[in-house]
Amino acid sequence: MNHTQQIKLIFDAFDQIPDLQDGFKDVREYLFDLNEQAERRHRKGAPNGIKHGLTVASAAKLFVVSHLLDGFKEPNRFSVDDITSIRTEVLYAQNYAKRFHAELTEWAAKFSAQFEQVDYSELIKAGRA
């Protein structure tokens with residue numbers, strides 16, 4: 001899958017996440033915000049002027065989808081004991097994937113296999129070529 005196809009898949013999968021509400025929060029947008037902040041922190045240490053083949057927003061969408069799919073596949077992978085060693089956005093995604101398992105079933109079936117072909121490191125490197 002080439003760079004453009006991967007980006008399209010990320011956006012399609014993100015846009016098609018079912019409407020999930022957690023009290024006053026839209027789950028997709030909440031997870032996006034968490035992942036966007038994490039990606040900005042991650043890139044903060046990168047040398048100035050380095051080009052990325054993936055915007056911060058696109059990377060955040062990639063991780064929302066990826067973490068939800070992972071949480072859907074393994075809803076009990078992490079426990080409360082993991083809270084100090086696993087990124088918060090991963091734990092939230094796992095929790096939401098478990099809580100909304102029925103709502104995510106059709107979406108996960110549609111995107112799980114395809115999403116295994118998306119490679120963050122290759123997408124990032126694409127901007128450096």
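Across the stretch 4-32, the qualifying residues are those that are in a helix (DSSP H, G or I) and modelled with pLDDT under 95, and the one among them that is surrounded by the fewest Cβ atoms within 10 Å (Cβ to Cβ) is Thr4. Can you confirm whether Ala102 is under 17 Å from Lys8 (Cβ atoms), of a type in the set (A, V, I, L, M), open to solvent by 40 Å² or more (accessible area, probe 1.4 Å) and modelled with pLDDT of 95 or more? When the stated conditions are applied, Ala102 does not pass them. Flag set for Leu91, criterion: under 14 Å from the mean Cα position of the chain (by Cα) and either open to solvent by less than 70 Å² (accessible area, probe 1.4 Å) or more than 24 Å from Asp12 (Cβ to Cβ) (or both).
Taking first residues from the stretch 75-102 that are at negative phi and partners that are aromatic (Phe, Trp, Tyr), the Cβ contacts under 8 Å between residues at least 6 apart in sequence or on separate chains come to Ile86/Phe78; Glu89/Phe63; Val90/Phe78; Leu91/Phe78; Tyr92/Tyr30; Gln94/Phe78; Ala97/Phe72; His101/Phe72. Restricting Ala38, Ala57 to those that are open to solvent by 30 Å² or more (accessible area, probe 1.4 Å), more than 20 Å from Thr105 (Cβ to Cβ) and in a helix (DSSP H, G or I) reduces the list to Ala57.
Of all the numbered requirements in (1) more than 15 Å from the chain's Cα centre (by Cα); (2) at pLDDT 95 or above, Pro47 misses one, and that requirement is (2). The one condition from (1) within 18 Å of Thr105 (Cβ to Cβ); (2) open to solvent by less than 40 Å² (accessible area, probe 1.4 Å); (3) touching a residue at least 60 places away in the same chain (Cβ under 8 Å) that Gly71 does not meet is (3).
The values are calculated or read from the model by the stated rules, or taken from the named source; none is laboratory data. All values reported here derive from a predicted model rather than from experimental measurement. Using ideal geometry, Cβ is built from the backbone for each residue, glycine included, and neighbour counts are taken over all protein chains shown. These area figures cover heavy atoms from the full protein model, side chains too; ligands, DNA and RNA do not enter into them. Shrake-Rupley method; radii C 1.70, N 1.55, O 1.52, S 1.80 Å.
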